[in-house]
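All remarks here apply to the structure that follows.
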Amino acid sequence: MLKNFYIFRNGQSSYNLAGRLQGQSNDSVLTEKGITQAIGTAKFLQDKNIDIVISSPQRRAKQTGRIVAETLNKQIQYDSRLIEANLGVADGMPINKLSKKNADVLRQWRDCQSRDDHTRFERGESRKELRTRVLAALQDFANSPYQNMAVSSHNFSIIEALHSLQIAKNELDNGEIVHLQYDGNNWKYVQSLN
């Protein structure tokens, strides 16, 4: 059975608006614009026969996922493997105030052409570690009885899943949806939708 994954980035958050890096901190919440983006995501998914909404338990993704689940009248399930990257010492810092070292690490994280899987912020996780846990979660859901799944997650988490499929994307917009399919053996990128 062909499985459809509609993976979306959380709506705009208070940290996005303030220009702060968001990793695993849980202080950031959706802005009014973020709520509007989440409603737009839900409206787009209304005709996709979604069976379940799966979400990162971090507040901004949880809020986005809850709006989608309530709009679609679907159950929501949380999976901690979908949380954002551990950005270590850089988590929550204003992007324009990063040290040169941390700014360089951020550039490498955002570079879809980089093959350095071991880049990490001090006390953070590597791209490879992030990709491994996110893909494990998606694979578990691919092996579930659900056919059409909506997944609320985060920028770096989704990007690393795409990089594993050789899809070159540096960043996702808030509320952007990535459609992936799994046929029982292989993953396929279908499209990205804003």
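The values are calculated or read from the model by the stated rules, or taken from the named source; none is laboratory data. Just so it is clear, the structure is predicted and the values come from calculations on it, not from any experiment. We place every Cβ from the backbone using ideal geometry, glycine too, and count neighbours over all the protein chains shown.
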> If you check Leu106 against the conditions, is it among the hydrophobic types (A, V, I, L, M, F, W, C), assigned to a helix (DSSP H, G or I), surrounded by 14 or more Cβ atoms within 10 Å (Cβ to Cβ) and at pLDDT 95 or above?
Replying inline: no
>> Residues to consider are Asn4, Asn16, Asn49; find the one that is in a loop (DSSP other than H, G, I, E, B), in contact (Cβ under 8 Å) with a residue 24 or more places away in the chain and not small (Gly, Ala, Ser).
In response: Asn49
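Within 30 Å of Ile52 (Cβ to Cβ), surrounded by fewer than 18 Cβ atoms within 10 Å (Cβ to Cβ) and either among the acidic types (Asp, Glu) or in contact with a Ser or Thr (Cβ under 6 Å, 6 or more places away or on another chain) (or both): is that true of Glu84 in this structure?
Values: within 30 Å of Ile52 (Cβ to Cβ): yes; surrounded by fewer than 18 Cβ atoms within 10 Å (Cβ to Cβ): no; either among the acidic types (Asp, Glu) or in contact with a Ser or Thr (Cβ under 6 Å, 6 or more places away or on another chain) (or both): yes.
Spelling it out, it is not the case that Glu84 is within 30 Å of Ile52 (Cβ to Cβ), surrounded by fewer than 18 Cβ atoms within 10 Å (Cβ to Cβ) and either among the acidic types (Asp, Glu) or in contact with a Ser or Thr (Cβ under 6 Å, 6 or more places away or on another chain) (or both).
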> Within region 151-189, how many residues turn out to be in contact (Cβ under 8 Å) with a residue 40 or more places away in the chain, more than 22 Å from Asp117 (Cβ to Cβ) and in a strand (DSSP E or B)?
Replying inline: 6
>> Conditions first: (1) assigned to a loop (DSSP other than H, G, I, E, B); (2) of a type outside the set (Val, Ile, Thr); (3) touching a helix residue (DSSP H, G or I) at 6+ places or on another chain (Cβ under 6 Å); (4) at pLDDT 95 or above. Arg81 passes all but one, so which condition is the exception?
In response: (1)
